[in-house]
Amino acid sequence: MAGTIDAAEAAAGAVEPGDVLRFARALITVPSENPGGTEDGVATVAAEILEGLGAAPEIVRSDEQRPSVLATVGGPGTASLAWNGHLDVVPAGSLDTWSHPPFAGDVASGKLIGRGAADMKGPIAAAMAAFAGIRRAGIALGGSLTYHLAADEEFGGVHGTKVLWERGLLTQDAAVVGEPSELTLGLAERGGAMVVATAFGKAAHGSQPHRGVNAITSMARFLMRLEEVLPDVEHPLAGRPTVNAAMIEGGSAPNVVPDRCSVEIDRRLIPGETDQDAVLGSFRDLADSLHADREEIDLRFEIREWAEPAETDPGSEIARVARGVVEAETGRRAVDTGFTGITDARFYINGAHIPTVILGPGSLTVAHTADEWVDVGELVAGARIYARLFVGFLGA
Ligand SMILES: [Zn+2]
């Protein structure tokens, strides 16, 4: 045990800040916007970096040819760990909202700026620089570390980590998903139901609205009470469920009473909310109560997409080791948190039943924004934490 702690310390000490920045900039300068682009270019760059670290990366393609990069380092030994990061980024948006070009990887005032700096090419660079440090320190890992650099996380993960799960590649003892968590330990994440609500009315001449039923008005009455669909539940890490009316469509012409109105509703789920009928049931209950007051209100619901919430046992080995290495690196108590967004961790936790922590440098508050950035010092601390974690979990 003392040997492992010394080795972890040595590995962290051998992490080169120059590696972290070089890898991060190499990844950021190859755009992989999703939707709208592909991960092919950045997958090649990631594979080259991994080759330079002595790995033999392979590219696994989804049926739609989206590439995920897999590479195993370390071993032999029986323990195994997966480190997961996604290669795609959300679109940069309007370039004039950026004060630095989104794909340049500029560094200013101690910040690395660019699309993916925090979410999550920066964390991927940190995870690769961590292994470079381990090698530089001359440490042989006592088990295998497999990088899963996945396609398509930002648009649902169905062409990336989900494919790895379906092909039986999520077999490790534990996993780390390096989403930007400000170096806290994410042990729970919310899920989401995309609910489509449709109000049905009756068309009529716009000058004689009393002859029709206005579907937009029905929907408006429903939306004014939308929060009533939320159950009164709370998770210690993931908080409470939320609901957001995200997109609306209705009506056919300015002089026609609309007979149809539909809204896409983003209903976020907390761990424990796994019953689709229960979620839809509360929507129906609200519709029934509106209908009881006004007979003409006719609302129907369906779930278009469903992502299960997920949580890992805070007492699991990976959580215990991760907590210890964060404390060793930062000198502060590690904080257990819940992740508000949906991540690929759910495929490890719910799909493959692998204990998984979300742990990475950078903040979700700047992810997906213009001028996305990550503090260079935090990125390097992230690399040092990963170096300690890989040695601490797998042994040396
Ligand atoms: Zn992300």
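Laid out as a table, the results:
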read-out	value
For the chain, with +1 on Lys and Arg beta carbons and -1 on Asp and Glu, the positive-most of F23, T44, A199 along the dipole	F23
Accessible solvent surface per residue of the stretch 156-247, calculated while the other protein chains remain in place, 1.4 angstrom probe, Å²	45
Percentage, to the nearest whole number, of Cα pairs in the chain over 35 Å apart	33
Rel. contact order, % - alpha carbon contacts under 8 angstrom, at least six apart, the stretch 7-122	28
1.4 Å probe accessible area per residue over the stretch 8-116, in Å²	41
Computed P(r) (all Cα pairs; the stretch 151-217; 5 Å bins; percent)	3, 11, 12, 14, 13, 7, 5, 6, 7, 8, 7, 5, 2, 0
Antiparallel bridge percentage (DSSP; both residues within the chain; nearest 5)	70
For the stretch 93-170 versus the stretch 231-285, the gap between their alpha-carbon centres in whole angstrom	32
Net lengthening on full extension, A292/V158 (0.36 nm per residue, minus Cα-Cα)	44.2 nm
Potential lengthening between H210 and H368 on full extension [0.36 nm per residue; Cα-Cα distance subtracted]	52.3 nm
Dipole magnitude (debye, nearest 20) for the chain, charges at Cβ of Lys, Arg, Asp, Glu	380
Portion, in percent, of the accessible area of the stretch 23-71 that falls on carbon or sulfur, probe 1.4 Å	46
Percent RCO, i.e. relative contact order, over the stretch 280-396, from Cα pairs under 8 Å lying at least 6 residues apart	24
Residue-count net charge about E189 - beta-carbon cut-off 13 Å; Lys, Arg +1, Asp, Glu -1	-4
Prolate/oblate/rounded label for the stretch 309-396 (Cα gyration tensor, a/c 1.5)	oblate
Pairwise FRET efficiency - S99 versus N255, Cβ, R0 = 30 Å, nearest 0.05	0.05
Counted charge near W98, where neighbours are those whose Cβ lies closer than 12 Å (Asp, Glu -1; Lys, Arg +1)	-3
Residue-normalised accessible area of the stretch 278-396, given per residue in Å² at a 1.4 Å probe	42
Charge dipole (the chain, unit charges on Cβ, about Cα centre) - positive-most of S262, M120, G13	G13
Crossing angle, helix 121-136 versus the chain [Cα axis fit, 0-90 degrees, rounded to tens]	20
Nearest-ten-degree value, helix 215-224 long axis tilted from longest Cα axis of the chain	50
Peptides 102-113, 42-53 ordered by average Cβ neighbours within 10 Å, highest first	42-53, 102-113
The stretch 200-327 - percent of accessible surface contributed by carbon and sulfur, probe 1.4 Å	46
Neighbourhood charge, 12 Å Cβ-Cβ cut-off, centred on Q65 and excluding it, Lys, Arg +1 and Asp, Glu -1	-3
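The values are calculated or read from the model by the stated rules, or taken from the named source; none is laboratory data. For clarity, every value in this text was computed on a predicted model and none was experimentally measured. All Cβ positions, even for glycine, are placed from backbone atoms using ideal geometry, and neighbour counts span all protein chains on display. These area figures cover heavy atoms from the full protein model, side chains too; ligands, DNA and RNA do not enter into them. Shrake-Rupley method; radii C 1.70, N 1.55, O 1.52, S 1.80 Å.
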